[in-house]
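Participant: My structure is below; once you've seen it, I'll send some questions.
The values are calculated or read from the model by the stated rules, or taken from the named source; none is laboratory data. No experiment lies behind these values; they were computed from the predicted model shown. Reconstructed Cβ throughout: ideal geometry from the backbone, glycine too, with neighbour counts over all protein chains shown.
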Amino acid sequence: MEDKKILLKVDNLKKYFPVRAGVFKKVVAHVKAVDDISFDVRQGETLGLVGESGCGKSTTGMSVLRLMDPTSGRIMLDGEDTTTWFMKGSQMKKYLNDTYLEKFEKARSDFKNQNEAIDFFQNEIDRKYAKVYFEEGIAGLKKLVDTGNNHKRKYFRRNAQIIFQDPYSSLNPRQRIKNIIAEGMLTHNLIKPSDVNNVVGDLLDKVGLQKDYMYRFPHQFSGGQRQRIGIARALALNPKLIVSDEAVSALDVSVQSQVINLMMDIQKEYKLTFIFIAHDLAVVKHISDRIAVMYLGKIAELTSKEKLFEKPMHPYTVSLMSAIPVPDPEVKKKRIILKGDVPSPLNPPKGCRFHPRCPIAKDICSKIEPPLKMIEEDHYVSCHFAGEFRS
Amino acid sequence: MSDKEPILKVKNLKTYFKTEDGIVKAVNGIDFDLCPGETLAIVGESGSGKSVTSLSIMRLLDTNGYIPEGEIIYKGKNVTKMSDSEIRSVRGNEIAMIFQEPMTALNPVFTIGEQITEAITLHMKMNEEDAKTRAVDLLRKVGIPEPEKRVDQYPHELSGGMRQRAMIAMALSCNPSILIADEPTTALDVTIQAQILELMKDLQKEFGMAIIFITHDLGVVAEMSDRAIVMYGGETVEQGDIVNIYKNPRHPYTWGLMNSIPRIDIDTERLWAIPGVVPSPLNFPKGCKFSNRCFLASDKCKTDHPGLETIENDHFSRCWHIDKLVEEVKKVRAGDK
């Protein structure tokens, strides 16, 4: 893999949903929808997030876009730590303390020289913050992260867009297409009101709809056309990152291929970076450069699509692939049938989360949770026995 | 096909619906035979009439639906002409059905056991106790763990895969000779889908029933069925042996469908896209119904409605350009590269 710039970097992302019960609505447990995952998305690539229902793929997408507040974790977009942009007072203080100050202090005591301490950090953001911290102290760092958050948030919203799964509920039924698409551009002062017709017309043209459709309402369109409108809306702000959450799942086969082709075309043209979330491994394979397979809030395997399909290493990936029916009646696959259902994320199994269904689970699997580690160049697997199970 | 006597014969079936906007011809002439032990797939996109076909066989149409023409012969008797009490003794007993959404198809206020035993006591004249024993046996057979406990649980206490298993148990409760499965795995995750498909194959081997499998998933069709009917706009556009349909499709719609799905076993640079969308049922073009989306369409296609032509033994296609397709496809492929 060539060294491409990393556009989005997610560190140790967690999202827990509290479960409340009783008269006083006390928090009795947490649904660990996403439990400590890290990944990078490179500039111009499509990262596919695939997994079965309840694996946390949509929650990951929502958290990255800050449509949900993550429980913890660091989300960096284009060389900036965006996590604090959505935080206030004590929350931010705690975050800075946990994420930066502890390791800065440690580095300061480990190295005599301040510059050495700064150089110790690989990450650009760490270095920048360390420099400010060493020179101006905590007050300086706070000032740096706590100014202009309104502006920063606006920047973030413009550059991180989403295409939703359900084209029926994601377009306001009372707005004309023109307003739906233009609203973001006007809010961000990207165009003048007098240019709206031209710009929206061009966007509709780009996604394969007629220009005069801009005067219509969403109910006048079919599912596939609405999904095209959703794409035009996301494109309108010329964002750096687009998260597509099951954007083609609800569509009929013939329309699905049209929308997939459209998404791939506009990605090439605008050099967009995509996170493509879907449950259909075949679709994800077609559209993605790299794929993260998720299981119960964790990443099971993360690698390029070529490697994933040539040499899947996690037993879950292997089983998932063998479970997909191939549209060829002469291929008789020997199928691995996994036992049971996906366990509830409320009470995930101890150790490796996949071990109760895993065909090669051993003692250690029920005790120690395997971390996501690099098995070979650019191929990450979280399994104690990576590569030992083949179909 | 097989030398067995067909158990179900559908001849020129038409199902129409009266609506405010006019008569919707949801199914407009389909023919097939179904032999014991075989699996027939009905494939199509939404609005193709595949589900209405199955509901017609079960006589479960809405009140505005009617069958103006055609016959459905089950064991020598015409289902469309049966009296209400006659169809009731067949439905759920000899012809059973599995639905797509197990949560809406199961009744939430009755336990799984109650719902299974209802059919057993009704059709098999068993007493409650024996029926419950049979229900537990059935649940065990479809792979539900702890069936003694599950039989007294309500649908919401079961996972999606479990519910689908329970529904299969219910459908099998009276040893049906035909099982109609309407998108039985569409709402399920792939690993669960694999379990259910495996189960259906095993049960078919054991009980020898015929299955009509209705789905839009071409992978599932290839996996499960012996023969397939491809439907578009309420008509059969292609029909035949499963290997013929996949290896040698002779209708542009079938070919388009096959090439518009991404596959895990083959890399494709760019998917084929059938242009446009399925028109509303009142707005299909004259002539060939697929002509407005077809890359082979000529003037003739726009005015004259093609009939179902025999290509070879047991392989039919409804297209004016059956012979042209193979060459044109080669050109398209070459153009791609």
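Participant: Using beta carbons and a limit of 8 Å, which pairs, at least six apart or on different chains, have the first residue in the stretch A:282-295 and within 14 Å of A:Ser257 (Cβ to Cβ) and touching a residue at least 40 places away in the same chain (Cβ under 8 Å) and the second one among the hydroxyl-bearing types (Ser, Thr, Tyr) and crowded, with 22+ Cβ neighbours inside 10 Å?
Facilitator: Cβ pairs passing all conditions: A:Ile287/A:Thr46.
This table checks each residue for (1) within 13 Å of another protein chain (Cβ to nearest Cβ); (2) surrounded by 20 or more Cβ atoms within 10 Å (Cβ to Cβ); (3) not hydrophobic (A, V, I, L, M, F, W, C).
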residue: B:Gln153; (1), (2), (3): no, no, yes
residue: B:Ala166; (1), (2), (3): no, yes, no
residue: B:Leu179; (1), (2), (3): no, yes, no
residue: B:Leu188; (1), (2), (3): yes, yes, no
residue: B:Gln204; (1), (2), (3): no, no, yes
residue: B:Ala210; (1), (2), (3): no, yes, no
residue: B:Leu218; (1), (2), (3): yes, yes, no
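Participant: On the given criteria, is A:Pro343 within 13 Å of chain B (Cβ to nearest Cβ), modelled with pLDDT under 95, outside any helix (DSSP H, G or I) and under 23 Å from the mean Cα position of the chain (by Cα)?
Facilitator: Spelling it out, A:Pro343 is indeed within 13 Å of chain B (Cβ to nearest Cβ), modelled with pLDDT under 95, outside any helix (DSSP H, G or I) and under 23 Å from the mean Cα position of the chain (by Cα).
Participant: Hey, can you tell me all the residues within the stretch A:358-387 that are under 22 Å from the mean Cα position of the chain (by Cα), within 22 Å of B:Thr191 (Cα to Cα) and among the aliphatic types (A, V, I, L, M)?
Facilitator: Across the stretch A:358-387, the qualifying residue is only A:Val381.
Participant: Okay, next question. Would it be correct to say that B:Asp267 is modelled with pLDDT of 90 or more, surrounded by fewer than 18 Cβ atoms within 10 Å (Cβ to Cβ) and not β-branched (Val, Ile, Thr)?
Facilitator: no
Participant: Do any helices (runs of 4 or more DSSP H) lying entirely in the stretch A:97-163 carry at least 1 residues that are loosely packed, with under 14 Cβ neighbours inside 10 Å and over 30 Å from the mean Cα position of the chain (by Cα), and which ones are they?
Facilitator: Passing ranges, in order: A:102-110, A:114-120, A:124-145.
Participant: Then there's this: What strands (runs of 3 or more DSSP E), lying completely within the stretch B:29-114, carry at least 2 residues that are of a type in the set (D, E, K, R) and touching a Lys or Arg at 6+ places or on another chain (Cβ under 6 Å)?
Facilitator: Output list reads B:65-74.
Participant: All but one of (1) more than 14 Å from every other protein chain (Cβ to nearest Cβ); (2) of a type in the set (A, V, I, L, M); (3) surrounded by fewer than 18 Cβ atoms within 10 Å (Cβ to Cβ) hold for A:Val243, so report the exception by its number.
Facilitator: (3)
Participant: If you scan the stretch A:313-332, which residues turn out to be crowded, with 16+ Cβ neighbours inside 10 Å and within 11 Å of chain B (Cβ to nearest Cβ)?
Facilitator: A:Tyr316, A:Ser319, A:Leu320, A:Met321, A:Ser322, A:Ala323, A:Ile324, A:Pro325, A:Val326, A:Pro327, A:Asp328, A:Pro329 - these are the residues of the stretch A:313-332 that are crowded, with 16+ Cβ neighbours inside 10 Å and within 11 Å of chain B (Cβ to nearest Cβ).
Participant: Consider A:Ile275 carefully, then state whether it is in contact with a helix residue (DSSP H, G or I) (Cβ under 8 Å, 6 or more places away or on another chain), of a type in the set (A, V, I, L, M) and at pLDDT 95 or above.
Facilitator: Considered against the rule, which asks whether it is in contact with a helix residue (DSSP H, G or I) (Cβ under 8 Å, 6 or more places away or on another chain), of a type in the set (A, V, I, L, M) and at pLDDT 95 or above, A:Ile275 comes out as yes.
Condition check ((1) closer than 22 Å to A:Asp280 by Cα; (2) modelled with pLDDT of 95 or more) across all residues:
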{"residue": "A:Gln225", "(1), (2)": "yes, no"}
{"residue": "A:Arg228", "(1), (2)": "yes, no"}
{"residue": "A:Leu235", "(1), (2)": "no, no"}
{"residue": "A:Ile242", "(1), (2)": "yes, yes"}
{"residue": "A:Ala250", "(1), (2)": "yes, no"}
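Participant: Can you say whether B:Tyr253 is at the interface with chain A (Cβ under 10 Å from one of its Cβ atoms), surrounded by fewer than 21 Cβ atoms within 10 Å (Cβ to Cβ) and of a type in the set (Phe, Trp, Tyr), as far as the supplied structure shows?
Facilitator: no
Participant: Let me ask another. What are the residues in the stretch B:17-28 that are assigned to a strand (DSSP E or B) and either farther than 23 Å from B:Asp217 by Cα or small (Gly, Ala, Ser) (or both), if any?
Facilitator: B:Phe17, B:Lys18, B:Thr19, B:Gly22, B:Ile23, B:Val24, B:Lys25, B:Ala26
Participant: Under 6 Å between Cβ atoms, which residue pairs at least 6 apart in sequence (or on different chains) link something in the stretch B:206-217 that is touching a residue at least 60 places away in the same chain (Cβ under 8 Å) with a partner that is hydrophobic (A, V, I, L, M, F, W, C) and assigned to a loop (DSSP other than H, G, I, E, B)?
Facilitator: Listed pairs, sorted by first residue: B:Ala210/B:Ile7.
Participant: Take the stretch A:119-151 and flag every residue that is under 18 Å from A:Arg74 (Cβ atoms) and of a type in the set (Asp, Glu).
Facilitator: A:Glu124, A:Asp126, A:Asp146
Participant: Further question on the same structure: Taking the options B:Pro306, B:Pro281, B:Pro262, name whichever one is touching a residue at least 40 places away in the same chain (Cβ under 8 Å), crowded, with 17+ Cβ neighbours inside 10 Å and not aromatic (Phe, Trp, Tyr).
Facilitator: B:Pro281
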